[in-house]
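Here's the structure we're looking at; comments come further down.
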Amino acid sequence: MTTTLITGANKGLGKETARQLVALGHTVYVGSRDEGRGRAAAEELGARFVQLDVTDDASVAAALGQIEADGGLDVLVNNAGIASYEFGEDGVAEKTDGPSALAVFDTNVVGIIRVTQAALPLLRRSANPVVVNVGSALGSFWAVHEDSRPASHFPTLVYGPSKAAVSMLTVQYAKAVPEVKFNAIEPGVTATELGGGEPGVHPGRPASESAKIVVKLATIGADGPTGTFQEDDGELGW
């Protein structure tokens, strides 16, 4: 049986990814900073809960220690991510002050490094180790220069660059750790609470639809790709 850890999985895209992987027979760990929400989500989904704050080294170490004690890990989905916006009279604006930018990069980029490094000893013991990094077309140099792509019409000074770093992390990990398959995905514009909007307000498709591409890459076989950036229709330009 495949064992999978999903970070930031108590709601939104992470939760829907967990739901679909449980349905496929995975043993899924719902990683969540909030214990109450995380336990509730895990119970609803038939998954396991693990307290996990990707910005806290001790929390990450404890979470992976628990998973190791339970038997090991095959798949890691680095889903946890934040954006920082403020709501004013002129609408919604991205926060670009230093502390806000540091918080976004700590979660979206350094968080991936923290969790991945802690998970690698377990993944290396798996017969088919896989890592999926949830990226964004907003971090694709190709997409933000391509007029036909929505990402080219949505300037972002912090969130987009943080996701560009996720793309590079994916490539470099794929090169540095060839025994583990690393891929990034673009989930599409999704109706989640990311950035502070409510699901009914934030534009986009249901998380259940966006989760399909995450699940696709989380379930690749031993002959699956590595070092790629993918979306619904195939590979996406970096």
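The values are calculated or read from the model by the stated rules, or taken from the named source; none is laboratory data. Keep in mind the model is a prediction, meaning the values are calculated, not measured. Backbone-built Cβ (ideal geometry, glycine too); neighbour counts: all protein chains shown. Remember, those area values only see protein heavy atoms, side chains included, never the ligands or the DNA or RNA. Shrake-Rupley method; radii C 1.70, N 1.55, O 1.52, S 1.80 Å.
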Quiz prompt | Subset of segment 150-161 (residues that are assigned to a loop (DSSP other than H, G, I, E, B) and more than 16 Å from Thr190 (Cβ to Cβ)) | solution = Pro155, Leu157, Val158
Quiz prompt | Conditions (1) open to solvent by 70 Å² or more (accessible area, probe 1.4 Å); (2) in contact with a Phe, Trp or Tyr (Cβ under 7 Å, 6 or more places away or on another chain); (3) of a type in the set (Lys, Arg): number failed by Lys11 | solution = (2)
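In the set Glu44, Glu35, which member is surrounded by fewer than 21 Cβ atoms within 10 Å (Cβ to Cβ), of a type in the set (Asp, Glu), free of Cβ contacts under 8 Å to residues at least 60 places away in the same chain and in contact with a strand residue (DSSP E or B) (Cβ under 8 Å, 6 or more places away or on another chain)? Quick ask: steps written out before the conclusion?
Details: Glu44 fails: in contact with a strand residue (DSSP E or B) (Cβ under 8 Å, 6 or more places away or on another chain).
Testing whether each residue is surrounded by fewer than 21 Cβ atoms within 10 Å (Cβ to Cβ), of a type in the set (Asp, Glu), free of Cβ contacts under 8 Å to residues at least 60 places away in the same chain and in contact with a strand residue (DSSP E or B) (Cβ under 8 Å, 6 or more places away or on another chain) leaves just Glu35.
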Practice problem: Looking only at segment 127-178, count how many residues are surrounded by 16 or more Cβ atoms within 10 Å (Cβ to Cβ), hydrophobic (A, V, I, L, M, F, W, C) and over 18 Å from Gln230 (Cα atoms). | Solution: 2
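Rundown of residues vs (1) surrounded by fewer than 12 Cβ atoms within 10 Å (Cβ to Cβ); (2) within 26 Å of Ile213 (Cβ to Cβ); (3) β-branched (Val, Ile, Thr); (4) over 16 Å from the mean Cα position of the chain (by Cα), yes/no style:
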{"residue": "Gln66", "(1), (2), (3), (4)": "no, no, no, yes"}
{"residue": "Ala69", "(1), (2), (3), (4)": "yes, no, no, yes"}
{"residue": "Gly72", "(1), (2), (3), (4)": "no, yes, no, yes"}
{"residue": "Ile82", "(1), (2), (3), (4)": "no, yes, yes, no"}
{"residue": "Ala101", "(1), (2), (3), (4)": "no, no, no, yes"}
{"residue": "Val104", "(1), (2), (3), (4)": "no, yes, yes, no"}
{"residue": "Thr107", "(1), (2), (3), (4)": "no, yes, yes, no"}
{"residue": "Thr116", "(1), (2), (3), (4)": "no, yes, yes, no"}
{"residue": "Leu122", "(1), (2), (3), (4)": "no, yes, no, yes"}
